[in-house]
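S.K.: Have a look at this one before I ask anything.
The values are calculated or read from the model by the stated rules, or taken from the named source; none is laboratory data. For clarity, every value in this text was computed on a predicted model and none was experimentally measured. Methodologically, a virtual Cβ is constructed for each residue, glycine included, from the backbone with ideal geometry; neighbour enumeration extends over all protein chains shown.
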Amino acid sequence: MTKSLLKEKLKSYSALATAVFGTAAAADAQIVYTDVNPDQVLTVTNGSLTDYAVDFNNDGNEDMAVATYGYLYNYGGTDYQLNYVYSFVANNATAALVASMQTVGQNSFPATTSLTAGTTIGGASTWLDTTAAGGTLYFTSAVGFGQTLVGTGNTGSDIYLGARFLIGTNTHYGWVRVNVPADASQATVKDYAYNATANGPINAGQTAGISEIDAASWTAYGSGSAIKIKSSIEGDIEVIDLAGKVISTGTITSGELTMNVANANTGMYIVRITNGSLTDTKKIVLN
């Protein structure tokens with residue numbers, strides 16, 4: 001998605017440079033968390049796009065991306081280095097980031113909002129969809145001429161980007177944690193998470209539901225046409241596809257449970273265990 005848009009967006013970079021120089025969480029949340037290990041460091045390279053694709057639910061579809069780009073802007077015979085960190089979302093009517101339009105000179109640019117840990121990301125957040133933003137690109141930080149041009153993401157501390165995306169026809173909310181130095185010379189992508197419950201909010205930095213079972217107390221894995229579960233506690237089991245549909249249920253009471261899912265398609269699924277008010281989820285793959 002990202003690389004095909006680069007040429008279309010170069011004119012936006014030039015417009016920004018010209019403008020600046022001329023004007024000198026959620027209760028009962030079912031959180032699916034992914035640790036980017038090792039952290040992905042995207043270094044600005046002039047004339048070359050470097051990006052990291054975020055696939056929140058690991059279904060093979062890129063939901064958003066964090067990217068860097070740089071170039072030399074010549075003004076009056078002098079070259080000025082411009083560094084960009086920005087984000088993309090899928091180009092549809094739902095995909096969006098928590099962002100706002102920023103005006104520089106006579107031009108307006110979509111800029112992501114730098115969220116702090118604990119900020120609720122959901123239906124009440126301030127969203128810019130791809131239509132309102134004029135495309136799929138949002139500036140997280142643009143630095144040049146010794147100043148921040150657009151965005152506020154280059155704090156040198158961890159910030160969170162709020163994302164809205166589709167799984168099938170359902171809307172989901174998530175976050176991505178990044179770190180950008182003051183000069184925006186690189187961006188580090190650290191981890192991300194989303195709420196597997198359709199339309200359910202998530203707090204920036206949230207990695208588990210409010211009331212959760214200890215993840216180490218149970219395991220789940222796919223084995224051919226079956227899902228095998230071992231647990232030190234009793235609980236109700238649900239197998240959920242990536243569209244949010246429950247395809248199988250069961251109850252584990254004796255420490256082990258095998259669930260026959262011969263009619264299920266191959267791919268990624270979420271297994272959820274519930275014990276009273278406590279819950280936890282794991283991702284498994286059926287081959």
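S.K.: So for segment 251-265 (the condition being among the acidic types (Asp, Glu), over 20 Å from Tyr33 (Cβ atoms), at pLDDT 90 or above and out of contact with any helix residue (DSSP H, G or I) (no Cβ under 9 Å at 6 or more places or on another chain)), does at least one residue qualify?
M.R.: yes
S.K.: Test Tyr71 against the stated conditions and say whether it is in the same structural domain as Tyr173 (by TED's automatic domain parsing), among the hydroxyl-bearing types (Ser, Thr, Tyr), surrounded by fewer than 24 Cβ atoms within 10 Å (Cβ to Cβ) and part of a strand (DSSP E or B).
M.R.: Criteria met by Tyr71.
S.K.: Based on what the data block shows, is Gly250 outside the structural domain of Glu62 (by TED's automatic domain parsing), surrounded by 15 or more Cβ atoms within 10 Å (Cβ to Cβ) and either acidic (Asp, Glu) or in a loop (DSSP other than H, G, I, E, B) (or both)?
M.R.: No; evaluated as a whole, the condition is false for this residue.
S.K.: So which pairs qualify, if the first residue must be in segment 102-121 and among the aromatic types (Phe, Trp, Tyr), the second must be in a strand (DSSP E or B), the Cβ gap must be under 6 Å, and the two must be at least 6 apart or on different chains?
M.R.: Phe109/Gln102; Phe109/Phe139; Phe109/Val150
S.K.: Here's another thing I want to ask about it. Could you grab me the full set of residues in segment 178-224 that are in contact with an Asp or Glu (Cβ under 7 Å, 6 or more places away or on another chain), closer than 25 Å to Val261 by Cβ and surrounded by fewer than 18 Cβ atoms within 10 Å (Cβ to Cβ)?
M.R.: Glu212, Ala215
S.K.: Ok, one more. Determine whether segment 53-61 contains at least one residue that is surrounded by 13 or more Cβ atoms within 10 Å (Cβ to Cβ), modelled with pLDDT of 95 or more and over 19 Å from the mean Cα position of the chain (by Cα).
M.R.: There is no residue in segment 53-61 that is surrounded by 13 or more Cβ atoms within 10 Å (Cβ to Cβ), modelled with pLDDT of 95 or more and over 19 Å from the mean Cα position of the chain (by Cα).
S.K.: As an exercise: evaluate Ser141 against (1) closer than 30 Å to Tyr73 by Cα; (2) of a type in the set (S, T, N, Q); (3) surrounded by fewer than 23 Cβ atoms within 10 Å (Cβ to Cβ) and give the number of the one condition it does not meet.
M.R.: (3)
Yes/no per residue for (1) of a type outside the set (Val, Ile, Thr); (2) touching a Ser or Thr at 6+ places or on another chain (Cβ under 8 Å); (3) closer than 24 Å to Thr152 by Cα:
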position	(1), (2), (3)
Asn57	yes, no, no
Gly60	yes, no, no
Val66	no, yes, yes
Tyr71	yes, no, yes
Tyr75	yes, no, no
Tyr80	yes, no, yes
Asn83	yes, yes, yes
Tyr86	yes, yes, yes
Asn92	yes, yes, no
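S.K.: Only one of these conditions is not met by Leu242: (1) at pLDDT 90 or above; (2) surrounded by 18 or more Cβ atoms within 10 Å (Cβ to Cβ); (3) outside the structural domain of Leu97 (by TED's automatic domain parsing). Which number is it?
M.R.: So the condition that Leu242 fails would be (1).
S.K.: The conditions are (1) farther than 30 Å from Thr45 by Cβ; (2) assigned to a loop (DSSP other than H, G, I, E, B), and Val285 fails exactly one of them. Which is it?
M.R.: With respect to (1) farther than 30 Å from Thr45 by Cβ; (2) assigned to a loop (DSSP other than H, G, I, E, B), Val285 is out only on (2).
S.K.: Determine whether Thr68 is at pLDDT below 95 and more than 27 Å from Tyr269 (Cβ to Cβ).
M.R.: For Thr68, the condition - at pLDDT below 95 and more than 27 Å from Tyr269 (Cβ to Cβ) - is not met.
S.K.: Given the structure, is Leu161 surrounded by fewer than 19 Cβ atoms within 10 Å (Cβ to Cβ), of a type outside the set (S, T, N, Q) and part of a strand (DSSP E or B)?
M.R.: The answer is no for Leu161.
S.K.: Tell me, yes or no, whether segment 111-127 has at least one residue that is assigned to a strand (DSSP E or B), under 24 Å from Ser185 (Cβ atoms) and among the small types (Gly, Ala, Ser).
M.R.: yes
S.K.: Right, next: In the set Gln81, Gln102, which member is outside any loop (DSSP other than H, G, I, E, B), modelled with pLDDT of 95 or more and surrounded by fewer than 20 Cβ atoms within 10 Å (Cβ to Cβ)?
M.R.: Among Gln81, Gln102, only Gln81 is outside any loop (DSSP other than H, G, I, E, B), modelled with pLDDT of 95 or more and surrounded by fewer than 20 Cβ atoms within 10 Å (Cβ to Cβ).
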